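The values are calculated or read from the model by the stated rules, or taken from the named source; none is laboratory data. Bear in mind the structure is a predicted one, so any value in this text is a computation, not a measurement. Note that each Cβ is placed from the backbone with ideal geometry, even for glycine, and that neighbours are counted across all protein chains shown.
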Amino acid sequence: MSRFSESLISAWYQPDFNPLLSPLLPLSKLMVWQVRRRLNQYQESRQGLWQPPVPIIVVGNISVGGTGKTPLVASLVAALASRGFRPGIISRGYGAAIDTYPATVLPGDDPSLLGDEPVMLAEMTGVPVVIDPDRPAAARHLLSKHDCDVIISDDGLQHYALVRHVEIIVLDGVRWLGNGYCLPAGPLREPIDRIHSVDFVVSNGEPVCDAKTLSYDTMQLVPARLVNVKTGEIIALSERAVLGAHIHAVAGIGHPRRFFDLLQTLGFEGTDYAFPDHYVYRADDFAFADGLPVIMTSKDAIKCRDFARDDWWYLAVDAILPDSFWSRVSEKLSVSRSSFQSVSSNG
């Protein structure tokens with residue numbers, strides 16, 4: 001990430017509006033106009049909308065950068081499966097380098113070809129995963145190949161062509177909504193009032209700002225275990241002292257600082273290496289001369305397996321939310337599924 005990009009993101013997330021962003025305000029207003037115009041076109045004409053035969057859950061964000069969507073999607077799959085649903089996942093497949101879409105993603109696939117997050121979700125969840133920038137095409141392909149009765153879209157909140165039945169926005173509890181402005185004067189992809197139209201708001205960690213005017217559920221990313229990138233060996237966190245306290249911490253995610261802070265709470269100390277989100281690693285990126293262990297995120301590990309060393313590990317985390325959240329999501333889905341079944345029987 002360039003120094004300019006870092007400075008811009010830092011300005012977006014300052015508590016007060018940074019005057020240096022003022023020249024960008026006209027472009028932000030244009031962004032708001034375009035977003036509202038596009039949304040209204042879909043809502044009024046209904047042209048180009050695809051109505052799926054099963055409920056669709058969209059897990060997205062209103063701001064750029066990582067907020068914790070992927071761990072939430074994985075936990076959502078597990079929670080729905082435990083309640084009798086048969087979920088599948090669709091994704092844009094950011095970073096994929098293939099010529100033909102849609103494509104099914106399998107555990108062990110090459111993340112440089114099919115995208116790091118889709119491969120990670122395929123391995124974490126064990127459910128069908130299909131990628132395509134055209135979300136309706138991805139959903140149709142998924143349903144044609146697999147017996148799924150609910151589809152989870154990893155991201156795609158702004159992909160209005162896909163009719164959805166549950167919308168979940170994930171916010172970073174530290175960054176929250178930044179300065180509240182749309183790109184490029186702020187971090188938002190849509191106007192801030194969009195957040196009031198979704199079904200559920202999930203905060204990744206307790207909000208550090210005043211969020212009393214917004215109803216939300218808090219998600220905690222809880223460290224679960226350390227996994228060897230090369231061998232798959234698992235170390236319980238209670239035995240983490242075998243690695244020593246001094247490590248190299250590596251993160252190529254939307255908000256690396258959150259991961260580094262998490263390692264510190266576990267007692268690890270060392271040098272932090274932040275890479276851009278979706279970064280494609282090379283062995284040369286790990287040319288550390290001191291022989292200390294490396295700890296990275298699971299998303300990083302997916303892309304480092306082919307050249308991993310014996311002392312490289314990733315920290316697996318679990319997304320924990322209140323039982324009431326899962327119950328409310330399940331209830332809303334059950335209502336949607338019943339309406340589909342009613343239409344099918346009447347037809």
Enumeration of residues in region 275-294 that are surrounded by fewer than 18 Cβ atoms within 10 Å (Cβ to Cβ) and under 23 Å from the mean Cα position of the chain (by Cα):
275, 276, 278, 280
Among the residues in region 96-118, are any within 19 Å of the chain's Cα centre (by Cα), at pLDDT below 95, of a type outside the set (Lys, Arg) and farther than 24 Å from residue 299 by Cβ?
no
Go through (1) among the acidic types (Asp, Glu); (2) under 18 Å from the mean Cα position of the chain (by Cα); (3) not in a helix (DSSP H, G or I) for residue 300 and report which single condition fails.
(3)
Determine, yes or no, whether residue 93 is surrounded by fewer than 23 Cβ atoms within 10 Å (Cβ to Cβ) and either in the same structural domain as residue 132 (by TED's automatic domain parsing) or assigned to a helix (DSSP H, G or I) (or both).
no
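Rundown of residues vs (1) free of Cβ contacts under 8 Å to residues at least 24 places away in the same chain; (2) not in a strand (DSSP E or B); (3) not polar (S, T, N, Q), yes/no style:
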residue: 273; (1), (2), (3): no, no, yes
residue: 279; (1), (2), (3): no, yes, yes
residue: 296; (1), (2), (3): no, no, yes
residue: 316; (1), (2), (3): no, no, yes
residue: 325; (1), (2), (3): no, yes, yes
residue: 335; (1), (2), (3): yes, yes, yes
For region 268-290, check the following and say yes or no: at least one residue is out of contact with any Lys or Arg (no Cβ under 6 Å at 6 or more places or on another chain) and either outside the structural domain of residue 232 (by TED's automatic domain parsing) or of a type in the set (Lys, Arg) (or both).
yes
Of all residues in region 62-72 being outside any helix (DSSP H, G or I) and either among the β-branched types (Val, Ile, Thr) or over 8 Å from the mean Cα position of the chain (by Cα) (or both), which is modelled with the lowest pLDDT?
65
What are the residues in region 3-57 that are in contact with a strand residue (DSSP E or B) (Cβ under 9 Å, 6 or more places away or on another chain) and not assigned by TED's automatic domain parsing to the domain that holds residue 167, if any?
none
Go through (1) small (Gly, Ala, Ser); (2) under 12 Å from the mean Cα position of the chain (by Cα); (3) crowded, with 22+ Cβ neighbours inside 10 Å; (4) not in a loop (DSSP other than H, G, I, E, B) for residue 75 and report which single condition fails.
(3)
Counting just the residues of region 123-161 that are more than 13 Å from residue 53 (Cβ to Cβ) and part of a strand (DSSP E or B), which one comes out nearest to the chain's Cα centre (by Cα)?
154
Output the residue which, of all residues in region 173-191 that are within 27 Å of residue 327 (Cα to Cα) and in contact with a Gly (Cβ under 7 Å, 6 or more places away or on another chain), is surrounded by the fewest Cβ atoms within 10 Å (Cβ to Cβ).
174
Inspect region 15-30 for any residue being at pLDDT below 95 and part of a strand (DSSP E or B) and give the result as yes or no.
no
Part of a helix (DSSP H, G or I), basic (Lys, Arg) and at pLDDT below 95: which single residue out of 258, 240, 175 fits that description?
258
Return the pairs, sorted by first residue and then second, in which the second residue is part of a helix (DSSP H, G or I) and among the hydroxyl-bearing types (Ser, Thr, Tyr), the first residue lies in region 66-87 and is under 22 Å from residue 299 (Cβ atoms), the beta carbons are less than 6 Å apart, and the residues are 6+ apart or on different chains.
74/125; 77/125
For residue 199, the lone unmet condition from (1) modelled with pLDDT of 95 or more; (2) charged (D, E, K, R); (3) buried (at least 18 other Cβ atoms within 10 Å of the Cβ) is (3)
